[in-house]
Amino acid sequence: MQPLAEKRGLVVGVANAQSIAWGCARQLHAAGATSAITYLNHKAEPHVRPLADSIAAPLILPCDVEQVGELEAVFAVIKQQWGQLDYLIHAIAYAPLDDLHGRVVDCSEAGFLRAMSVSCHSFIRMAKLAEPLMPQGGTLLTMSYYGAEKVINNYGLMGPVKAALESTARYLAAELAEHGIRVHAISPGPLPTRAASGIANFDRLMAEAVEKSPLHRLATPDDVGQLAAFLVSDAARALTGSTFYVDAGYNIVG
């Protein structure tokens, strides 16, 4: 029997076939889970819907966390259709390019707040909406990066934002544990995703990661997805509040 055959969850952040969120959705499907998939807007839908169809996603819904009511509408449909939720994958992040490409000390208040809202506070919002749908417990996962812990050239504003996200995951883990809800951050190494393309000199960052990491390789979205599938499974029921690195060991030498 597939280990996740009875699990149903929500994956937020699929943009295309290179997305970390898609690697998670694909590996969860391979383990038997059923995932609802969201897409950002009408421009993204043609790239996301064929992927969702390929894993027989029963719910394919728009979700832009900056649009009033869209996130709540997603959870309303899940409540109506399923009545419960076993896992949530939060894999979205954003910072305005002017703020991302400049120094942290120069970032605008508006840019900082927007980056924090989309990349971090949206996870809190999702956790609050997921909590009543997890009466028997569940798993919340979010995606971070090593720049939350160490200064990474050109990562800029997203470093403090991801640091806040990792701390948020720990606090949510402590607060939701009484309901059997486990919360983790996953920290992949640099991956050639659409989101990463906004970081200056990202090709150099990936080359350095390959050179320095003990395994001399990059992780893949499927590597991240396999870890996500394990953390969602009952085999990980004693784990919560951790940040797990999927970076070929870069974090131990970087």
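A short reminder: the numbers here are calculations on the coordinates, not readings from a lab. Bear in mind the structure is a predicted one, so any value in this text is a computation, not a measurement. In this analysis, Cβ positions are derived from the backbone assuming ideal geometry, glycine residues included, and neighbour counts consider all displayed protein chains.
With θ taken as phi - 60° and the Karplus curve 6.51 cos²θ - 1.76 cosθ + 1.60 applied, the whole-hertz 3J(HN,Hα) list for segment 34-39 is 10, 10, 7, 10, 10, 10 Hz, x standing for glycine and proline. Taken about its Cα centre, the chain carries a charge dipole of roughly 260 debye when the Cβ of each Lys and Arg holds +1 and the Cβ of each Asp and Glu holds -1. Could you calculate the FRET efficiency of ASP98 with ASN153 from 1/(1 + (r/R0)^6), where r is the beta carbon distance between them and R0 is 22 Å, rounded to 0.05? With R0 = 22 Å, the Cβ-Cβ based efficiency is 0.75.
Decide, for segment 97-254, between rounded, prolate and oblate: order the square roots of the alpha carbon gyration tensor eigenvalues as a ≥ b ≥ c, take rounded if a/c falls under 1.5, and otherwise choose prolate if a/b is larger than b/c, else oblate. Since a/c reaches 1.5 but b/c is at least a/b, the shape of segment 97-254 is classed as oblate.
Each residue of segment 3-14 was assigned a 3J(HN,Hα) from its phi angle through the Karplus expression (A = 6.51, B = -1.76, C = 1.60, θ = phi - 60°), giving x, 10, 4, 9, 8, 10, x, 10, 10, 10, x, 6 Hz with x at Gly and Pro. Structural descriptor for the chain: relative contact order 21 percent, calculated from alpha carbon pairs under 8 angstrom and at least 6 residues apart. Pairs of Cα atoms nearer than 8 Å and 6+ residues apart set the relative contact order; for segment 8-132 it is 25 percent. Taking amide hydrogens as placed 1.01 Å from N in the peptide plane, the amide H of LEU61 sits under 5 Å from those of ILE37, THR38, TYR39, each at least 5 positions away in sequence or on another chain.
Dividing the summed helix terms, -39500 (n - 2.57) for each DSSP H run of n ≥ 4, by the number of residues in the chain produces a 222 nm estimate of -11500 deg cm²/dmol to the nearest 500. Between VAL246 and SER187, GLY189, the built amide H atoms are under 5 Å apart, and every one of these is 5 or more places off in sequence or on another chain.
Extension gain, ASN201 to ALA5, is 66.4 nm, computed as 0.36 nm per intervening residue step minus the present C-alpha separation. Here the spin labels are modelled as points 7 Å beyond Cα on the Cα-Cβ line, and at ALA56 and HIS216 they lie 4.3 nm apart. Taking label positions 7 Å along the Cα-Cβ direction at both VAL253 and ALA73, the computed distance is 4.9 nm, reported to one decimal.
Amide H contacts under 5 Å for GLY138: ILE181, ARG182, restricted to partners 5 or more places along the chain or on a different chain, H placed in the peptide plane at 1.01 Å from N. Counting only Cβ charges, +1 for Lys and Arg and -1 for Asp and Glu, the dipole size of segment 182-253 around its Cα centre is about 140 debye.
Packing, taken as the mean count of other beta carbons within 10 Å per residue, orders the peptides 14-25, 209-220 from highest to lowest as 14-25, 209-220.
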